[in-house]
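The values are calculated or read from the model by the stated rules, or taken from the named source; none is laboratory data. For clarity, every value in this text was computed on a predicted model and none was experimentally measured. Neighbour counts are summed over all protein chains in view; Cβ atoms, including those assigned to glycine, are modelled from backbone coordinates with ideal geometry.
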Amino acid sequence: MTEASKETMIAVIGGSGIYDIDGLEDAKWQAVESPFGTPSDEILTGRLGGVKMAFLPRHGRGHVHTPTSVPYRANIDALKRLGVTDVISVSATGSFREDMAPGDFVIVDQFIDRTFAREKSFFGPGLVAHVSVAHPTCPRLSDACLTAATDAGITVHKGGTYLAMEGPQFSTLAESKMYRESWGADVIGMTNMPEAKLAREAELCYASVAMVTDYDSWHPEHGEVDVTEIIDTLTGNSEKARNLVRGLPALLGAKRADCEHGCDKALEFAIMTAPDKRDPAMIAKLDAVAGRVLAG
C-alpha cells in the first residue's frame, strides 16, 4: 500500500464508563473473528468527521469482563483485522499525585507492569519475537489526544507513569504508598497492560488516556477507595471522554502517512526464529498481526 493510499482508522478502546461513540455515521456493530479467541464484544464501526472509526468496549457491554479476563490478544488482533491504524485507550485510574485530581485526564507515556495472570504476547514457541517497549506510547497520537482534551476544556496532564496492577481488588495502603513514593508512579489502573505491549507487537500506534476517578488509598484525607464516589466521577469523565474523541478526526485526518516514530514498523527486526524453523500454524495465526513481515 502506498503512503498516499493509506487511510486512517481510529479505534477507541473504552474502559469503565465508556460504552460507545456519539455521532458515528453509518454506525453498525460487527463481530470479528480472531484466532486468539472471542473479543470482548462486537466492534462498533462508522465514520466521524469523515474519518473511519471503531469502538470496542474493553469489558464488554454490560461490563462482563474483569481486568484479568479481558481477552486482550483477541481485542488487538480483531482491531488489526478491521484495518485500524491508531488505538486510543480510555480507562479509569486512581491517582498518586495531588495535582492529578479526580476528574482530570492524564496522557500516559510510561508503564510499570505488575500484572501476572495474562497472556502478554502474540508470539511464542515456534515463532519468537522481541519488540521494544522502551517508549510504549506513540508521541504523535498522544499529542493529538492532548490537543483534543485541551480543546474540549478538560484539565489534562501531559505525561505520566501508569502502574498496571492485576486486580480486581484495589491496592493495600502499603502498596499504594510504595507505588507512589518508591516507584514514582503517577496513576494506577488494571487494564493498559498487556494491551499496550500487544498493540506494539501488532504495529499499531497506541495512546493512553487515563481518567482519574480517585486518589487510591495513599491520600490521608481520602482514605480507602470508595466505589460509589468512583462511579459518580466516572459519569462526569465519560462525557469529557466523548468530547475528546469528537476532536480526534480533525486532528488526525483521513489520510495517513507512516508513523514517524516507527510504531508501524515495530516488527522490522523483532522476529528471532529462523524462517525454516517457524511453526506454520503460528504463521497462519499471526496473519493479521505480523503478516507484513511474515509474508513470503
When you scan the range 262-282, do you find a residue that is touching a helix residue (DSSP H, G or I) at 6+ places or on another chain (Cβ under 6 Å) and more than 24 Å from residue 75 (Cβ to Cβ), even just one? no
Within the range 203-236, can you find the residues that are of a type outside the set (A, V, I, L, M), modelled with pLDDT of 85 or more and touching a strand residue (DSSP E or B) at 6+ places or on another chain (Cβ under 6 Å)? 205, 206, 208, 213, 214, 215, 216
For the range 148-159, does any single residue satisfy the condition of being out of contact with any Phe, Trp or Tyr (no Cβ under 9 Å at 6 or more places or on another chain), over 30 Å from residue 295 (Cα atoms), surrounded by 14 or more Cβ atoms within 10 Å (Cβ to Cβ) and among the acidic types (Asp, Glu)? yes
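Quick grid of which residues meet (1) surrounded by 15 or more Cβ atoms within 10 Å (Cβ to Cβ); (2) at pLDDT below 95; (3) more than 18 Å from the chain's Cα centre (by Cα); (4) under 16 Å from residue 212 (Cβ atoms):
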position: 89; (1), (2), (3), (4): yes, no, no, yes
position: 99; (1), (2), (3), (4): no, no, yes, yes
position: 107; (1), (2), (3), (4): yes, no, no, yes
position: 120; (1), (2), (3), (4): yes, no, no, no
position: 129; (1), (2), (3), (4): yes, no, yes, no
position: 134; (1), (2), (3), (4): no, no, no, no
position: 145; (1), (2), (3), (4): yes, no, no, yes
position: 172; (1), (2), (3), (4): no, yes, yes, no
position: 178; (1), (2), (3), (4): yes, no, yes, no
Considering residues that are modelled with pLDDT of 90 or more and in contact with an Asp or Glu (Cβ under 8 Å, 6 or more places away or on another chain), the number found within the range 1-38 is 13
Within the range 74-89, is there a residue that is in contact with a strand residue (DSSP E or B) (Cβ under 7 Å, 6 or more places away or on another chain) and under 25 Å from residue 232 (Cβ atoms)? yes
Return the residues of the range 274-289 that are crowded, with 16+ Cβ neighbours inside 10 Å and over 19 Å from the mean Cα position of the chain (by Cα); say none if nothing qualifies. 278, 282, 283, 285, 286
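Return the residues of the range 78-102 that are of a type in the set (Gly, Ala, Ser), in contact with a Ser or Thr (Cβ under 6 Å, 6 or more places away or on another chain) and outside any strand (DSSP E or B); say none if nothing qualifies.
Quick first cut of the range 78-102, residues of a type in the set (Gly, Ala, Ser) only: 78, 83, 89, 91-92, 94-95, 101.
From what is left, the residues that are in contact with a Ser or Thr (Cβ under 6 Å, 6 or more places away or on another chain) are 78, 89, 91-92.
Result: 78, single match.
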The lone condition residue 253 fails out of (1) touching a residue at least 60 places away in the same chain (Cβ under 8 Å); (2) surrounded by fewer than 17 Cβ atoms within 10 Å (Cβ to Cβ); (3) within 22 Å of residue 189 (Cα to Cα); (4) not β-branched (Val, Ile, Thr) is (3)
Note on the range 114-143: residues over 25 Å from residue 244 (Cβ atoms) and touching a strand residue (DSSP E or B) at 6+ places or on another chain (Cβ under 9 Å) are 114, 115, 120, 121, 122, 123, 127, 128, 129, 130
